[in-house]
Amino acid sequence: MGKRHILGMGLLLAAAACAPTREFEQTVDPGVVHAFLEGKPSVLHPHLVVTLRQGQRNRVLNDMRIGLALFSLGQDTLAAEFFDNALTAIEAVYADNPEAEKARGLFVREVNKDFKGEPYERAMAYYYRGLLYMRAGDYENAHASFTSGVLQDTMAEQEHYQADFGLLILLEGWANHCHGKTAESNDLYADFQKHNADFPLPAEAHNTLILVETGWSPVKAHGKGKEAEERHALRFFPGGEAEIPRLSLPSEDGKTLDVTASAIEDVFFQASTRGGRTFDVILKGKAQFKEASGAIGDALLTAGVVTGTVAYTHDNQSAGYAALGMLMAGLVAKGVEAAVQDEADIRYWDNLPGTVFGHTAFLPKSVESIDVTFLNTDGTANGRTQTVPVVTAGACRLVWARSNPAVPFAPRAPFSAPEQVMSQPVAIPARK
Amino acid sequence: MNRHAIVKGSTVLVMFLSASACQHMEPAPICDMGAIASQRTLVSVPAAVPGGASPLQEMPLNSVSITDHRILNKVYVRNVTARRTPSGTVELYAQVINCTDHPLQTEARTQFYDAGQAPAEPVSAWKRLYLPPRTSNIYREFSLGTTSIHAYMVEMREGE
Amino acid sequence: MDVHSLHRSPGNIKILVGARLVWFAIPVAVLLSGCQSVHNAAGTPTTYNDPSAPPPLAQGVGIESQDIIGMTDQMMRDILSNPRLAAQQKPPRVIIDSEYFVNESASRINKNIITDRLRVELNRAAVGRMVFVGRHHAGMVEHERKIKRDGVADKGTVAPTAAQMGGDYRLGGRITSQDARAPKTGAATRFSQITFEMIDLESGEIVWSGMYAFSKSQQDDVIYR
């Protein structure tokens, strides 16, 4: 191979090594930005600007985190719009998508693909869409959402973790209960009990479902090997401890019943029990290729330096050429090592809760709100109390509370842009 | 019988037996595509201007026209019949045969015409027909109108 | 630069490599800086699709436009061929809405898209063979009747009736589905079944039934598995 060819290859590999432009944020016309922000809560304006600037690659991720924030702010119509957009993309089949094809290549990172989330994130998107249907009194579509969420959870490697998303199974049953389908709901409650035997099942007379979300979302990170970080490995870590909610439930005779809500679902458990992804095998292959290229490059560079030294000492022109060839080949191999992109995609939905607690009860129409007190994991009070409204929709009532804010602190989702972009402030462009 | 004659005779016998062993029985349906193609009627249909020549030489009324070259030599329409239902609408049946050893999906739709051969109603929606290997299935469609219906034309294509 | 002159002494190898590296590094730097430019490419422009064909850009396993058009067309033609409903001396009064059309499937759907299409198409095709009662507009009718009778509005041109029109038959139905997944391959199959029934509102007899069923499979790209 001629030196020019070697250099050409080096150039190509170096070009391949750079992050594709779709990983960077795009400039959006201020008119488009302001039209998009119109009528949406100002607290989410920076997040919404990021959504526009990050485009299709992060559309699902941004729609889910903004949808959840809007849901917590009581903007149900807007929240439904965002979740519908996210779910439409999740349900779309990427069978011949060019960006997906690129992400399978050696020189493009997985993060280049359009985000569709891991199964636990997709399932949680269906969970919130289902709650939105419930708050609108549409228990049929709520049931359809929860069912679709359970189906997302069938990808687990080990059979006993497949379709074990107890929260969604319980809610399928509750949606049926509110729609007057007692037999169907009892079947689903029985299925739910296989996954969570401790939760007290809803009684036929119960009309209110209380859901309290505490803790922080699971965190995605690269794996750690014996010696160094294994960037091809996707790992999950718990986001932190989840507080325990204590509920004060008023009754018609003026008395109040204090009960501790029971845990329905641990979101970290769902994230971490999925097991290995099919794509992990491809990433591992990329990592092995990268490692081999690096080793070959090191060997060639060392040999080139040694040969060069010998050539210099003995004034041997042939050895000099040989040394040059080895150095160039070594550089190319090192270029390949640098260009191979083996790291796993660790973008994640960061405003999810860690644990979902729940309780069902009969609350008379006169009760319009309940008090939720948060306890530390050891049962001690931490002084935080919320008064949460009871929403009546159709035959049932729903209470939804959350210990931590659902509006994300940062306008950008973690790892949703290259490092140098993540730290940039998000400015809302002035109107033209 | 000399040795040479025995060898010759044996060779002929072996060849005959081999030839008979090679006889291959095709399961039904056996579709002779050449014969099917020769049956395709070429008709001059009424043109836009009375008396003028029609640019369309095929797609006669009261028949099934296969409009997709991908299934032209794969399916055979055995018959097409139509009858009046008790409510006065027209019900048509077309028996479609999959001549291949592979599963096929076709789609068909019907345009019903009045006595003047003008469309009597909107064309029906495409209806999918599932045809396992070497099987037949029935395409069935109802008209919306009753006494106004005098003719029909079915278009068939591969189902995607 | 005379390259051959550099080869005279092995000590010059370093210089050569250095020179080559500069030659190599400059375009690489240019390329790397080019990575951060605006992705100045056109998006997908809005296009009109044939709603009776599978959507070209996104397909799933749920109920799609071509299914809705196919099922409503089939049901409409089937209903008009039923003598109990479409060949009576006195046209029967029919209510078609989503009130008793239940979704028990895994597909999120606005059921009105099916029942509205069926009612509108059927009403246009029936041309008097059936009479359609707008029960979903009952509130609107009641309000108008009240203000006419209260004298707020005049009587209009249509003769007043003692009450709103009662229905003879009403549509009921159910959307159900059965899903199957292959965890290893990510392949998903959904069998969807949509049943339609016309119920006699006096006796409860089911005077007509129709069914539309289909099964769809999909497999996502390996990067999502």
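Tabulated values for the structure
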{"read-out": "Yes/no for C:Met140 being in contact with a Phe, Trp or Tyr (Cβ under 7 Å, 6 or more places away or on another chain) and aliphatic (A, V, I, L, M)", "value": "no"}
{"read-out": "Of all residues in the stretch C:198-225 being assigned to a strand (DSSP E or B) and closer than 30 Å to A:Arg274 by Cβ, the one that is nearest to the other protein chains (Cβ to nearest Cβ)", "value": "C:Gln218"}
{"read-out": "Unique residue being within 19 Å of A:Arg122 (Cα to Cα), among the basic types (Lys, Arg) and either surrounded by fewer than 22 Cβ atoms within 10 Å (Cβ to Cβ) or within 11 Å of another protein chain (Cβ to nearest Cβ) (or both) when the list is A:Arg65, A:Arg53, A:Arg57", "value": "A:Arg57"}
{"read-out": "Filtered residue count, the stretch A:351-368, keeping only those that are within 30 Å of A:Val60 (Cβ to Cβ) and of a type in the set (A, V, I, L, M)", "value": "2"}
{"read-out": "Contacts under 8 angstrom Cβ, first residue in the stretch A:260-273 being crowded, with 23+ Cβ neighbours inside 10 Å, partner of a type in the set (A, V, I, L, M) and not in a strand (DSSP E or B), 6 or more apart", "value": "A:Ile264/A:Leu167; A:Ile264/A:Leu170; A:Glu265/A:Leu167; A:Val267/A:Met124; A:Val267/A:Leu352; A:Gln270/A:Ala123"}
{"read-out": "Count of the stretch C:37-78 residues which are facing chain B (nearest Cβ under 9 Å) and at pLDDT 90 or above", "value": "10"}
{"read-out": "Identity of the residue in the stretch C:109-132, of a type outside the set (Ser, Thr, Tyr) and buried (at least 20 other Cβ atoms within 10 Å of the Cβ), that ends up nearest to the other protein chains (Cβ to nearest Cβ)", "value": "C:Ala125"}
{"read-out": "Checklist (1) assigned to a loop (DSSP other than H, G, I, E, B); (2) at pLDDT below 95; (3) within 26 Å of C:Leu85 (Cβ to Cβ) applied to B:Ser124, failing item", "value": "(2)"}
{"read-out": "Residue within the stretch C:177-199 that is modelled with pLDDT of 95 or more, of a type in the set (A, V, I, L, M) and farther than 22 Å from C:Ser52 by Cα present", "value": "yes"}
{"read-out": "Any hit, the stretch A:194-216, residues being in a helix (DSSP H, G or I), over 17 Å from the mean Cα position of the chain (by Cα), at pLDDT 90 or above and on the phi < 0 side of the Ramachandran plot", "value": "yes"}
{"read-out": "Residue check, A:Thr256 closer than 28 Å to C:Lys184 by Cβ, among the hydroxyl-bearing types (Ser, Thr, Tyr) and either surrounded by fewer than 16 Cβ atoms within 10 Å (Cβ to Cβ) or within 14 Å of chain C (Cβ to nearest Cβ) (or both)", "value": "no"}
{"read-out": "Subset tally (residues that are touching a residue at least 40 places away in the same chain (Cβ under 8 Å) and either more than 30 Å from A:Ile296 (Cβ to Cβ) or among the basic types (Lys, Arg) (or both)) for the stretch A:337-376", "value": "27"}
{"read-out": "Count - residues of the stretch A:310-321 that are facing chain C (nearest Cβ under 9 Å) and surrounded by fewer than 15 Cβ atoms within 10 Å (Cβ to Cβ)", "value": "4"}
{"read-out": "Per-region count, the stretch B:116-138, residues farther than 20 Å from C:Arg124 by Cβ and over 19 Å from the mean Cα position of the chain (by Cα)", "value": "2"}
{"read-out": "Among (1) surrounded by fewer than 17 Cβ atoms within 10 Å (Cβ to Cβ); (2) at pLDDT 85 or above - the single one A:Gly2 does not satisfy", "value": "(2)"}
{"read-out": "Condition met for A:Ala175 (of a type outside the set (S, T, N, Q), buried (at least 20 other Cβ atoms within 10 Å of the Cβ) and over 25 Å from C:Ala182 (Cβ atoms))", "value": "yes"}
{"read-out": "Some residue of the stretch A:210-230 being of a type outside the set (D, E, K, R) and under 18 Å from A:Glu172 (Cβ atoms)", "value": "yes"}
{"read-out": "Matching option when the condition is out of contact with any strand residue (DSSP E or B) (no Cβ under 9 Å at 6 or more places or on another chain) and of a type outside the set (A, V, I, L, M), among A:Asp191, A:Asp280, A:Asp258, A:Asp266", "value": "A:Asp191"}
{"read-out": "Positions within the stretch C:156-193 being assigned to a strand (DSSP E or B), away from every other protein chain (no Cβ under 12 Å), farther than 16 Å from C:Glu99 by Cβ and among the hydrophobic types (A, V, I, L, M, F, W, C), in sequence order", "value": "C:Phe191"}
{"read-out": "Extreme residue, surrounded by the most Cβ atoms within 10 Å (Cβ to Cβ), among residues of the stretch A:234-253 that are among the charged types (D, E, K, R) and closer than 14 Å to A:Phe362 by Cα", "value": "A:Glu252"}
{"read-out": "Single residue of the stretch B:83-128 satisfying the filter (over 27 Å from B:Glu160 (Cβ atoms) and among the polar types (S, T, N, Q)) that is surrounded by the fewest Cβ atoms within 10 Å (Cβ to Cβ)", "value": "B:Gln117"}
{"read-out": "Qualifying residue in the stretch A:342-355 (condition: within 14 Å of chain C (Cβ to nearest Cβ), buried (at least 16 other Cβ atoms within 10 Å of the Cβ) and assigned to a helix (DSSP H, G or I))", "value": "no"}
{"read-out": "Condition broken by C:Ile96, with the remaining ones in (1) more than 14 Å from chain B (Cβ to nearest Cβ); (2) within 30 Å of A:Tyr128 (Cβ to Cβ) satisfied", "value": "(2)"}
{"read-out": "Selected residue (criterion: farthest from A:Leu68 (Cα to Cα)) from residues of the stretch A:116-142 that are at the interface with chain C (Cβ under 10 Å from one of its Cβ atoms) and either outside any helix (DSSP H, G or I) or acidic (Asp, Glu) (or both)", "value": "A:Glu140"}
{"read-out": "Residue match in the stretch B:141-154 (condition: closer than 23 Å to B:Gly34 by Cα, within 14 Å of another protein chain (Cβ to nearest Cβ), surrounded by fewer than 14 Cβ atoms within 10 Å (Cβ to Cβ) and free of Cβ contacts under 8 Å to residues at least 60 places away in the same chain)", "value": "no"}
{"read-out": "Lone qualifier among C:Ala106, C:Ala87 - being within 14 Å of chain B (Cβ to nearest Cβ) and modelled with pLDDT under 95", "value": "C:Ala87"}
{"read-out": "All positions within the stretch A:322-331 that are in contact with a helix residue (DSSP H, G or I) (Cβ under 7 Å, 6 or more places away or on another chain) and more than 10 Å from chain C (Cβ to nearest Cβ)", "value": "A:Ala322, A:Met326, A:Ala329, A:Gly330"}
{"read-out": "Qualifying residue in the stretch A:97-115 (condition: within 21 Å of the chain's Cα centre (by Cα), under 20 Å from A:Asn351 (Cα atoms) and not in a helix (DSSP H, G or I))", "value": "yes"}
{"read-out": "Residue satisfying all of: in the stretch C:163-194; aliphatic (A, V, I, L, M) and more than 18 Å from the chain's Cα centre (by Cα); surrounded by the fewest Cβ atoms within 10 Å (Cβ to Cβ) among these", "value": "C:Ala163"}
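The values are calculated or read from the model by the stated rules, or taken from the named source; none is laboratory data. Predicted, not measured: the structure shown is a model, and the values here were computed from it. When we count neighbours, we look across all protein chains shown, and the Cβ atoms used for this are built from the backbone with ideal geometry, even at glycine.
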